[in-house]
Amino acid sequence: MGTTAPRLDVLAPLSGWLVPLDSVPDPVFAGKMVGDGVSLDPTSGSLLAPVAGVVSNLHSAHHALTITTAEGVEVMVHIGIDTVMLKGEGFFPLVEQGQQVSAGQALIDFDIDQVGRNAASLLTQIIVTNGESVHSMQAAQGMVHAGRDVVLSLQLANGQAVAQRQDGEPKLSADIVIGNPAGLHARPAAVFASKAKSFSSDIQLLLADKEANAKSVVAVMGLATKLGDAVRIRAHGGDAAAAIAELTQLLNDRCGEKPGEAPQAPAEAPIAIQQQDNDKQLVGVGASPGIAIGRIVHHRLQEFDVPEQGKGGNIEQQSFARAAEEAAAQIELVKAQLSDPAKQAILSMHQELLQDPDLLALTYTGLAEGKSAGWAWRAAFSAYSARLEAQDNPLLRERANDIRDVGRRVLALLAGIKQAALELPAGSILIAEDLAPSDTAALDPSKVMGFCTRTGGATSHVAILARSLGIPAICGISQAALKLPEGRQVILNGSEGTLAIAPNAAELAAAEQEIARLAERRADEAKGSMQPAATRDGVRVDVVANIRNAADAREAVAKGAEGVGLLRSEFLFDNRDTAPTEAEQAAEYCAVAEALGKDRPLVVRTLDVGGDKPLSYLPLPKEDNPFLGLRGIRVSLDRPDLLRTQLRAILQAAPLTQLHIMFPMVASLEELRAAKAVLVEEQQSCGQHDVKVGIMVEVPSAAVLAARFAPEVDFFSIGTNDLTQYVLAMDRGHPQLAKQADALHPAVLNMIAMTCDGARAHGKWVGVCGGLASDERAAPLLVGMGVSELSVSTPAVASVKATLARWSLAECQQLANDVLALSTVTDVRHHLNQHAR
Ligand code: PEP
Ligand code: MG
């Protein structure tokens with residue numbers, strides 16, 4: 001049985017002539033980057049609501065607003081082109097954000113003469129910004145009257161989904177035996193749910209008498225499947241047969257999990273813990289190795305107060321959607337600051353949870369019952385985390401912490417509370433019931449010596465993060481730890497999982513000795529950290545740092561960095577409503593330059609956003625393949641106004657340091673030439689010519705054509721993070737592929753060698769600023785290939801310098817020769833490990 005999809009008519013918000021969107025003289029609208037719709041050349045100056053709904057956004061410059069209809073369609077009306085520049089002059093809003101309006105209601109009055117004189121154009125865009133809510137649209141033509149004529153006829157998408165759900169009988173698969181040693185835990189569950197989402201049918205995973213929404217990671221995990229369980233897939237909809245075939249195949253392939261790759265469940269230790277706890281020590285699961293002596297600091301989670309009753313209408317729905325979106329953006333920001341793919345994968349999973357259909361459905365049920373967004377969301381995520389916590393499988397129990405972490409992030413936004421960052425005194429041993437993975441990622445390892453949590457285990461994300469921070473940790477410690485007096489001195493042994501709660505002098509001395517032995521090596525390295533980096537036979541290599549701002553620059557110099565090989569300038573642009581002005585940018589670039597001084601190099605990368613790194617004030621299209629979309633230099637060339645402002649600001653730092661400007665994501669010579677042409681114009685207008693120009697080599701085409709790029713640049717800097725993902729066609733944050741997206745893959749290494757060869761032929765230098773540069777084992781290999789600058793994370797400066805000092809150039813070259821002949825990552829890693837200390 002078929003049904004007719006619902007329709008929605010969008011009324012003319014102004015009287016005037018309709019114009020096709022693609023003829024609007026603004027590439028952002030004409031290219032439909034904001035969405036599809038129609039434009040109107042107005043003859044009236046009172047903007048009327050084109051649809052009924054809630055004013056979900058009213059721009060602070062009052063020239064644009066968005067109405068979200070009851071069906072969830074977002075209709076934006078944008079008066080004029082570049083009218084944001086008028087900063088509200090000539091616009092008089094008659095409604096407020098969050099207000100319910102009816103179709104035809106007056107929303108904004110504007111002075112058509114004044115705006116017309118001062119704006120680039122009066123053309124007014126009527127756009128559906130969430131295109132996925134619409135199945136098709138038809139735009140009217142010719143003259144229209146405000147509030148009377150229809151300008152867009154929309155056929156809504158959910159009508160189709162309803163029709164599909166009602167078609168035919170559900171289909172059922174045969175029994176499929178789970179082959180994953182740890183069952184469908186987080187990673188395979190995420191792979192399975194994400195595949196299920198690619199089908200429009202309703203799909204359930206069945207285990208005995210239980211069933212789960214196959215598109216929900218939490219629901220699939222919650223099924224608590226085990227190795228050898230027989231499951232079935234039920235699908236209902238137009239593509240049910242294909243869904244069953246492909247998902248069956250995926251389960252038979254263990255959702256891509258290779259033998260030996262499944263995490264080992266930590267020893268089931270609660271009973272043992274109780275037995276071994278005594279008045280000298282508490283025992284938990286060793287989650288991150290190492291020994292630390294420190295004083296106890298308790299961390300207790302903030303409470304968020306949210307009202308039970310909602311404000312009614314769509315208001316709660318809107319605020320929930322905004323908070324979830326903001327939370328996703330916050331996670332993206334944290335992710336962008338991490339170079340470790342394992343940490344990035346954890347945060348990707350958190351983003352996935354924000355879109356989990358079951359979690360959302362439960363939240364919306366609460367909203368429909370009149371609860372506030374915060375109340376409904378808390379009830380939903382608490383129910384899910386409790387469900388996981390009740391599982392036998394410890395791997396699943398630990399994912400409960402991830403749900404709570406994401407849950408609290410959204411809740412804090414809804415409660416309007418800035419989540420307090422963990423402020424710890426130096427020498428702290430942190431004790432907590434639970435540490436959010438995102439809190440752990442932000443811990444300052446110079447202050448926190450180690451931590452213990454009551455929840456979690458060796459495979460929890462908190463433990464993974466502790467290991468990557470290099471601090472010892474214990475999870476699953478007994479309740480007694482939470483009652484230890486603040487400030488008490490303890491010894492934490494993360495290798496053995498013990499917390500000595502009343503150490504005597506002898507025990508403290510022994511622990512100190514062991515800590516000293518490990519520290520000796522680090523100290524040895526640190527001794528040479530302020531020396532110029534060189535190979536054993538005195539060949540200079542610049543060991544410089546990757547930074548985000550002036551504070552990072554100061555820290556880097558203090559730790560021995562010989563300059564900055566990558567200033568990720570996008571951090572200046574994040575978390576704002578408007579682009580930073582030229583003066584704001586120049587102040588930060590100059591502060592960085594001053595921290596470095598005239599003799600050290602500063603490489604400023606121009607804005608590297610777009611695709612997966614959105615900016616709130618820059619309308620960019622939602623893309624199916626953001627990593628292959630409008631990113632890096634492509635955005636700057638598309639928005640030359642942003643590029644020009646940034647270049648002018650960067651050039652102001654030229655007299656203060658050895659300034660280099662670097663363009664990201666360059667794929668073709670045309671892009672380089674276009675960017676350089678803009679730079680030359682700006683240099684001419686400010687008379688500042690003392691700057692070197694280079695590109696990031698992170699797209700394979702740039703590596704392959706290095707010899708042709710080289711005559712037109714002063715230097716290359718290889719971004720191994722992106723180069724690896726583009727050479728191997730593996731998303732750098734993919735939960736399942738992250739481990740294989742290895743920069744030591746022979747194909748990536750050969751691309752690096754190719755870049756060095758191309759540069760050498762034209763006497764240009766090559767740096768590496770991706771994560772591989774910070775890997776001390778890779779340093780001699782890169783130098784052997786011809787890399788002369790390693791831009792590393794600041795903590796790696798000392799160890800990379802110390803490693804280089806042990807190798808002669810000839811040995812580095814021999815190593816490069818040998819490694820470049822190898823065919824697999826395993827062989828490369830094995831070869832490098834033979835040389836590791
Ligand atoms: C890279 O891709 O290696 C790089 C350094 O750039 P980012 O990690 O900022 O994308
Ligand atoms: Mg990159």
Elements of type strands (runs of 3 or more DSSP E) contained in the stretch 24-84, each with 2 or more residues being at positive phi and crowded, with 22+ Cβ neighbours inside 10 Å: none
Filter pass, L643 being surrounded by 18 or more Cβ atoms within 10 Å (Cβ to Cβ) and either assigned to a helix (DSSP H, G or I) or charged (D, E, K, R) (or both): yes
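Just to verify a result, which residue in the stretch 675-686, among those that are more than 29 Å from the chain's Cα centre (by Cα) and not polar (S, T, N, Q), is nearest to G767 (Cα to Cα)?
K676
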Some residue of the stretch 484-493 being within 35 Å of the chain's Cα centre (by Cα) and assigned by TED's automatic domain parsing to the domain that holds P425: yes
Looking only at the stretch 658-693, and only at residues there that are within 16 Å of ligand 2 (Cβ to nearest atom) and of a type outside the set (A, V, I, L, M), the one that is farthest from E582 (Cα to Cα): E671
Some residue of the stretch 289-301 being over 29 Å from the mean Cα position of the chain (by Cα), crowded, with 19+ Cβ neighbours inside 10 Å and modelled with pLDDT under 90: yes
Index of the failed condition, V635 passing every other in (1) touching a residue at least 40 places away in the same chain (Cβ under 8 Å); (2) assigned to a helix (DSSP H, G or I): (1)
Contacts under 6 angstrom Cβ, first residue in the stretch 712-726 being in contact (Cβ under 8 Å) with a residue 40 or more places away in the chain and in the same structural domain as V544 (by TED's automatic domain parsing), partner more than 10 Å from ligand 2 (Cβ to nearest atom) and among the charged types (D, E, K, R), 6 or more apart: D714/K692; F715/K764
Within the stretch 655-764, helices (runs of 4 or more DSSP H) holding 3 or more residues that are farther than 20 Å from P626 by Cβ and within 16 Å of ligand 1 (Cβ to nearest atom): 746-760
Identity of the residue in the stretch 706-718, crowded, with 18+ Cβ neighbours inside 10 Å and either away from ligand 2 (no atom under 12 Å from the Cβ) or modelled with pLDDT under 95 (or both), that ends up nearest to the chain's Cα centre (by Cα): F716
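Listed here are the residues, each with its yes/no results for (1) within 16 Å of ligand 2 (Cβ to nearest atom); (2) closer than 30 Å to A64 by Cα; (3) among the acidic types (D, E).
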site: A558; (1), (2), (3): no, no, no
site: A561; (1), (2), (3): no, no, no
site: L596; (1), (2), (3): no, no, no
site: V603; (1), (2), (3): yes, no, no
site: Q646; (1), (2), (3): no, yes, no
Condition broken by G563, with the remaining ones in (1) more than 30 Å from G771 (Cβ to Cβ); (2) touching a Pro at 6+ places or on another chain (Cβ under 9 Å); (3) not β-branched (V, I, T) satisfied: (1)
Looking only at the stretch 484-517, and only at residues there that are touching a strand residue (DSSP E or B) at 6+ places or on another chain (Cβ under 8 Å) and among the charged types (D, E, K, R), the one that is nearest to L282 (Cα to Cα): E496
Filtered residue count, the stretch 662-685, keeping only those that are surrounded by 20 or more Cβ atoms within 10 Å (Cβ to Cβ) and closer than 16 Å to P711 by Cα: 6
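The values are calculated or read from the model by the stated rules, or taken from the named source; none is laboratory data. Model, not experiment: these values are computed from the prediction. For neighbour counting, all protein chains shown are included, and Cβ atoms are generated from backbone atoms with ideal geometry for every residue, glycine included.
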